[in-house]
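> Please find one structure pasted underneath; my questions will follow.
The values are calculated or read from the model by the stated rules, or taken from the named source; none is laboratory data. This is a predicted model, so every value here is computed, not measured. Reconstructed Cβ throughout: ideal geometry from the backbone, glycine too, with neighbour counts over all protein chains shown. The accessibility values were calculated without ligands, DNA or RNA, using every heavy atom of the protein model including side chains. Shrake-Rupley method; radii C 1.70, N 1.55, O 1.52, S 1.80 Å.
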Amino acid sequence: MSFKVSVTGYAQADQVAARAAFATAFKITPEKAAELLTVLPRTIKVDLDQATAQRYCDALLKMGLTSAAEPMQAAAAPSPVPPAAPAPVAQASPAPVMPAAVVAPEAEQPGFKFTIEGAPDFAFLTVKLPANHTIKVEASAMATMDTHIRMKTKLGGGLGRFITGESIFINEFSAEKVPGEIGIAPGAPGDLGHVYLNGDVIYLQNGAFVACDPDVTIESKWQGFKKGFFSGESFFLIRASGTGDLWFNTYGGMIAKDVDGEYVVDTGNIVAFTEGLNYSVEKFGGYKSLFFSGEGFVCRFRGKGRVWIQTRTSGALLTWAQQFRKAKSAD
Amino acid sequence: MKAEIRGSDAFSYVDLTLAPGDSVVAESDAMSSMSADLDLQARFNGGFFAGLLRKYLAGETLFVNVFKNNTKAPRSLTLVQPTPGGIRALELHNNTFYLQPGAYLASTEGLKLGVGFAGFVSWIAGEGLFRTVVKGSGTLWYGAYGALLDKEIDGEYIVDNSHLVAYEPGIKLRLQLAGGIFSSLFGGEGLVTRVSGKGRVVIQTRSLSGLTGWINPKLS
């Protein structure tokens, strides 16, 4: 019988320390750990024998997390591990024993199997496509693929993408007859985010789109003149809706923030947000701060939902790099 | 000699400790810090003409620096590459390894570097007409923009232009369109490289063209 290990709660008051220990042990970023441990219980490992599962629980308790090892139902176990072949887990020092890649708990995730490598600096997405399945990918983001994968180029995303300098095309890659894999590299240096849409809607900053399931609809949405003008970003957002995986990228690192009430984000740092949030673009402070604080306009989110924030803005990069660019001679 | 690659994927560097008598060859400009009593000697990258070839054809520098520890105690040296990105070390035991232009960073004295004709396929693919051929026994350090990933090839695989960093001699490159004519023209993928054979390829998770494609629409 195989067991699964779930984190059920915090064994100590200091949740931040517990999450940090968890992040270190699993070799993931603190943001990712926080994201994983937001909704509890969270299954972190499946297909373990009982002794190994218990060792995981002990290790988690040392990090300040309570956990439970439960037998998996036969139907839920995708590939029951024969008891004759126990996982090669070392006995000593429980924390470093953990395998590195447990970030996406496969048993709970519907959708494509995928891995993200090189995060958070230069995150790279590898998606395993089942036979006869298709994935939509941002133009020119494909970096590697199996030779039998076919590419088709379609108009996608709407006119807004054209106006803001993105490609108006989206490529569709299909694994014909046999499963295949595709590696996807976004343009900007930074991290990758993933959500599985289940009939809900997510808005992405223009240019943050990386890839999605073909059942996810990507369209551009006019923000409204005031929001678009003052946000300093663009007049359009990408509206992603439907069912399936969605990947988006950031410039810089990524923070996922659950909002309940109000939260203020600098306009340039917004990557994505869920539909439950209303937002307005407003002046930050009085007119004095508008001119002197360097903040200018911010976005105030209201409601309940999640917003993804990038830790750098392209505008700041451009301002910083501008002084080193060669000046065109005026003639 | 002790060597360790430190830093994150974005800004890797090589932290070397040279034992007495050790020496290491590095691209000019690669040294970022060193013990004050290491001996430094600049020399042409494999001779004057070979150096010129390497500079203009393989994207390397005309000069290389040789760092030698002539003292009686261990001395330290740190090496960096010009682009943000990852660095890798590779041990060669009397075998050959191919690097794309610009990827070479440093090596131990036992390795010979040469410029090899990579074929017109590589050139049209935007990977350069020439490649750096590394031969011999020793340690090689190389790097590129982006994080570096290994991919074991057995059969065929497609790598987009400008994502290829290095490959083993068992690998052949061939050029093809990414899709049909329409897709290849408008899908932003254009030509891709079909790598075939058996061996390892190293890819970079970001490309310069991806960076410019992201930043250029924002520049006014």
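> Take the residues of region A:133-151 that are part of a loop (DSSP other than H, G, I, E, B) and at pLDDT 90 or above: which is nearest to the other protein chains (Cβ to nearest Cβ)?
Top of the filtered list is A:T147.
> Another question, if that's okay. Answer with yes or no whether A:Y263 is aromatic (F, W, Y) and either surrounded by 15 or more Cβ atoms within 10 Å (Cβ to Cβ) or at pLDDT 95 or above (or both). It would help to see each step written out before you state the result.
Numbers: aromatic (F, W, Y): yes; either surrounded by 15 or more Cβ atoms within 10 Å (Cβ to Cβ) or at pLDDT 95 or above (or both): yes.
So A:Y263 fits the description; yes.
> Now, a different point. Can you tell me which condition B:T83 does not meet? The list is (1) touching a Gly at 6+ places or on another chain (Cβ under 9 Å); (2) more than 24 Å from B:K135 (Cα to Cα); (3) away from chain A (no Cβ under 14 Å), and all the others hold.
Unmet for B:T83, out of (1) touching a Gly at 6+ places or on another chain (Cβ under 9 Å); (2) more than 24 Å from B:K135 (Cα to Cα); (3) away from chain A (no Cβ under 14 Å): (3).
> To continue, here is another question. Under the condition of being facing chain B (nearest Cβ under 10 Å) and crowded, with 22+ Cβ neighbours inside 10 Å, which residue from region A:120-132 is farthest from B:S8 (Cα to Cα)?
The residue in question is A:L125.
> Looking at B:N70, B:N65, which is the one that is open to solvent by 80 Å² or more (accessible area, probe 1.4 Å) and either touching a strand residue (DSSP E or B) at 6+ places or on another chain (Cβ under 9 Å) or β-branched (V, I, T) (or both)?
The conditions single out B:N70.
> Can you say whether A:L48 is open to solvent by less than 30 Å² (accessible area, probe 1.4 Å), modelled with pLDDT of 75 or more, farther than 29 Å from B:T205 by Cβ and of a type outside the set (S, T, Y), as far as the supplied structure shows?
Values: open to solvent by less than 30 Å² (accessible area, probe 1.4 Å): yes; modelled with pLDDT of 75 or more: yes; farther than 29 Å from B:T205 by Cβ: yes; of a type outside the set (S, T, Y): yes.
When the stated conditions are applied, A:L48 passes them.
> Can you name every residue in region A:165-215 that is aliphatic (A, V, I, L, M), in contact (Cβ under 8 Å) with a residue 24 or more places away in the chain and open to solvent by 30 Å² or more (accessible area, probe 1.4 Å)?
Selection gives A:V178 alone.
> Please pick out the residue among B:G51, B:G59 that is touching a Gly at 6+ places or on another chain (Cβ under 7 Å) and either open to solvent by less than 30 Å² (accessible area, probe 1.4 Å) or modelled with pLDDT under 90 (or both).
B:G59
> Please identify the pairs in which a residue from region B:139-157 that is more than 8 Å from chain A (Cβ to nearest Cβ) has its Cβ atom under 8 Å from the Cβ atom of a residue that is among the aromatic types (F, W, Y) and outside any loop (DSSP other than H, G, I, E, B), counting only partners at least 6 apart or on another chain.
Listed by first residue and then by second, the contacts come to B:L140/B:F97; B:L140/B:Y104; B:Y142/B:Y104.
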